[in-house]
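Structure record follows, encoded as structure tokens.
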């Protein structure tokens, strides 16, 4: 079935689908590390230490006016350990490190904080005099403020319908609205740097932004205003290659436990999940984020509903209807009917929820016909994965819709023929593998 589906998409589906990708999306996109080098972002890094009596104490970065008045961008706030930490730590113990903070609205600047900033030397000195700050040279590790597993940089392209055109960053209140910092503006045909305070944005401008990866990813919700170039967050959050062998070994071990039936399936899965975290292939945070809570809640709700349908006799009623209508033709006709019914349900429900609802009907139908249920149940299981005709049928379909700029009708044009092709294959193969 997989070979049939791949062959269909290679030779038929790709010809049916229109190519609506924006021209900019077809270009080769730089990685976050390449962006840092291309725009020479580390060159203008400096440190500003907050002195006693500074007017910045108690304010957040957005209230400081450093960007609006002086063109100075705060990338990170380094907070030294408190005196109590130093005393309690003891003379012979490792001294606590500075705490790195993002310049958010809820972070108030304190005395002795060190602001890692980007800006020209002149404006930085002016800001230091204005706010009673001490200018310090950058440290080699300060470049990490631009790129890490928590924060990074990305390129945004302004499309022709963007609501930002004709406005400056200050008018947009970019930092407050999107919780990101614009480090540079690039315009086609102009090699010189554009002023971040006064430049009115135009169609085709490229903004280099810095901030948390989740905030960068959130920009994809504003597709009318921005085109996020490439998948920058996936580049920096890609698991280290050194862990690939561990991940492969854990997966193979889990499959061996499942196939050999040495332990229950749930136990094998839990052991594999635990090993993935213990070996460092995945952090606890990433593992937690990977849990699809919506599916878990949906399954938890659908299981009792399936039981309720069976208790009130609705499952028997539907199964009897199938048998009375199609059973007189042949068991194959009943199997085809179950396949089509499941395929329709799975376009609006998850495959798991669809299987939970339809599988009891298939089981009762097989019992009514006096045949083995394997063929019917396999037909339902396969049809539950035929989520090809709707962008809301699965999260994967939704992701592809945005990336390929597809429409609902595109899924119908490709998905419906593929479903019927799979139906034909299932109708031929299942009776041979599981005879009625």
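The values are calculated or read from the model by the stated rules, or taken from the named source; none is laboratory data. Note that this is a predicted model, so its numbers are computed, not measured. Cβ sites come from the backbone with ideal geometry, for glycine too, and all protein chains shown count toward neighbours.
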Residue that is farthest from the chain's Cα centre (by Cα) [pool: residues in region 113-138 that are assigned to a loop (DSSP other than H, G, I, E, B) and surrounded by 14 or more Cβ atoms within 10 Å (Cβ to Cβ)]: 132
Residue 368 being at pLDDT below 90, more than 38 Å from the chain's Cα centre (by Cα) and part of a helix (DSSP H, G or I): yes
Number of the exception - residue 338 against (1) modelled with pLDDT of 85 or more; (2) surrounded by fewer than 19 Cβ atoms within 10 Å (Cβ to Cβ): (2)
Cross-chain or 6+ apart pairs with Cβ under 6 Å, region 307-327 first and at pLDDT 75 or above, then assigned to a helix (DSSP H, G or I): 326/333; 326/334; 326/337
Test: residue in region 357-364 that is under 28 Å from the mean Cα position of the chain (by Cα), outside any loop (DSSP other than H, G, I, E, B), modelled with pLDDT under 85 and under 23 Å from residue 308 (Cβ atoms): no
Evaluation of residue 155 against (1) farther than 20 Å from residue 116 by Cα; (2) under 23 Å from the mean Cα position of the chain (by Cα); (3) assigned to a helix (DSSP H, G or I) (one fails), failing number: (3)
From the options 95, 69, residue that is at pLDDT below 70 and in the same structural domain as residue 115 (by TED's automatic domain parsing): 95
Selection count where residues are touching a helix residue (DSSP H, G or I) at 6+ places or on another chain (Cβ under 7 Å) and surrounded by fewer than 24 Cβ atoms within 10 Å (Cβ to Cβ), scope region 373-387: 6
